[in-house]
Amino acid sequence: MRTIVCIKQVPSTNEVRLDPETKTIIRDGRQSVTNPFDTYAIEQAVQIKELLGGEVIGLSMGIPSTERLLRDAMSRGVDSSLLLSDRSFAGADTLATSYTLSLGVRSIGDFDLILCGKMAVDGDTAQIGPELAENLGIPHVTDVVELVEVSEEKILCKKATDKGHQILEVDLPALITVVKDINMPRLPSIPGIEFSLNAPFDIRNATDLNADTARIGLSGSPTQVVKTYIPERTRTAVELTGDTESQVKGIMKIIEEVI
């Protein structure tokens, strides 16, 4: 079984910085972590390898320092990684990102299954997985909470819906996005860390991928953000004085004003 797992970097804190001109998120590798939902995709990919054999390949698009996150994934069981990194990829929306990732997948070659996290916590669109599958022309299932059965030809998965769950059988190759309830990600092992330090790692740019420049980065993004801002946070305090009865009346007055 040849499995590809998509890994995205996100800000490590809630203090997201925005480019004042492009209105896109400024990504600083020193302050980034692996997207939490993707950690469950990594674990699921490794579990499939342990069950059926084969290999797991990490795939990401980002700045060069994203290598740190991909090597962390290799310390947890991923066998090799491919980073798509080029200045021309910057500012991409989900459509341009999924196109670029599809080029990365095609450059890897044959595969059986692609796993993605449900969504990225900095964008919350949940669009990359389905758009990537459409670019590749393969079936996909979102919000998978359990892989009931996995074989070389097909998977049987349990999908969360607004009304409960669905059990779906999907022929491979296919793509699924997973939620956090699907497993418990493992910690890196000492042998895993040792392996990750010298594990196979590849970086490819737009030229290597023969990318259509009209479909990548900011220029290839049909989504144009007109205005983005971070709300100002203010805190006020009201001091209540007097005896207990006076303070209680003061609290009740504040509650009435809020309600």
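The values are calculated or read from the model by the stated rules, or taken from the named source; none is laboratory data. Everything numeric here is computed off the predicted structure, so don't read it as measured data. Cβ coordinates were reconstructed from backbone atoms using ideal geometry, including for glycine residues, and neighbour counts include every protein chain displayed.
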Would a scan of the range 205-220 turn up a residue that is touching a residue at least 24 places away in the same chain (Cβ under 8 Å) and within 21 Å of ARG71 (Cα to Cα)?
yes
Is it fair to say ARG215 is within 25 Å of THR97 (Cβ to Cβ) and surrounded by 14 or more Cβ atoms within 10 Å (Cβ to Cβ)?
yes
Would you confirm whether or not the range 163-181 contains a residue that is in a loop (DSSP other than H, G, I, E, B), without any contact (Cβ under 8 Å) to a residue 60 or more places away in the chain and either among the charged types (D, E, K, R) or surrounded by fewer than 18 Cβ atoms within 10 Å (Cβ to Cβ) (or both)?
yes
Go through the range 182-214 and report how many residues are polar (S, T, N, Q), assigned to a helix (DSSP H, G or I) and within 10 Å of ARG76 (Cβ to Cβ).
1
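Conditions (1) among the basic types (Lys, Arg); (2) under 30 Å from LEU83 (Cβ atoms), marked per residue:
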{"position": "THR161", "(1), (2)": "no, no"}
{"position": "GLU169", "(1), (2)": "no, no"}
{"position": "ARG186", "(1), (2)": "yes, yes"}
{"position": "SER196", "(1), (2)": "no, yes"}
{"position": "ALA199", "(1), (2)": "no, yes"}
{"position": "ARG204", "(1), (2)": "yes, yes"}
{"position": "ASN210", "(1), (2)": "no, yes"}
{"position": "PRO231", "(1), (2)": "no, no"}
{"position": "THR244", "(1), (2)": "no, no"}
Looking only at residues in the range 120-161 that are at positive phi and buried (at least 17 other Cβ atoms within 10 Å of the Cβ), which one is modelled with the lowest pLDDT?
ALA126
Go through (1) within 26 Å of PRO36 (Cβ to Cβ); (2) among the acidic types (Asp, Glu); (3) more than 21 Å from the chain's Cα centre (by Cα) for ASP202 and report which single condition fails.
(3)
Would you check if there is a residue in the range 54-73 being among the acidic types (Asp, Glu), in a helix (DSSP H, G or I), surrounded by fewer than 20 Cβ atoms within 10 Å (Cβ to Cβ) and without any contact (Cβ under 8 Å) to a residue 40 or more places away in the chain?
no
For the range 218-259: of the residues being surrounded by 10 or more Cβ atoms within 10 Å (Cβ to Cβ) and β-branched (Val, Ile, Thr), which is farthest from GLY104 (Cα to Cα)?
VAL248
State whether one or more residues within the range 233-250 are in contact with a strand residue (DSSP E or B) (Cβ under 8 Å, 6 or more places away or on another chain) and either at pLDDT 90 or above or within 30 Å of ARG71 (Cβ to Cβ) (or both).
no
Taking the criterion of being within 28 Å of PRO11 (Cα to Cα), touching a strand residue (DSSP E or B) at 6+ places or on another chain (Cβ under 6 Å), part of a strand (DSSP E or B) and among the polar types (S, T, N, Q), would at least one residue in the range 130-145 satisfy it?
yes
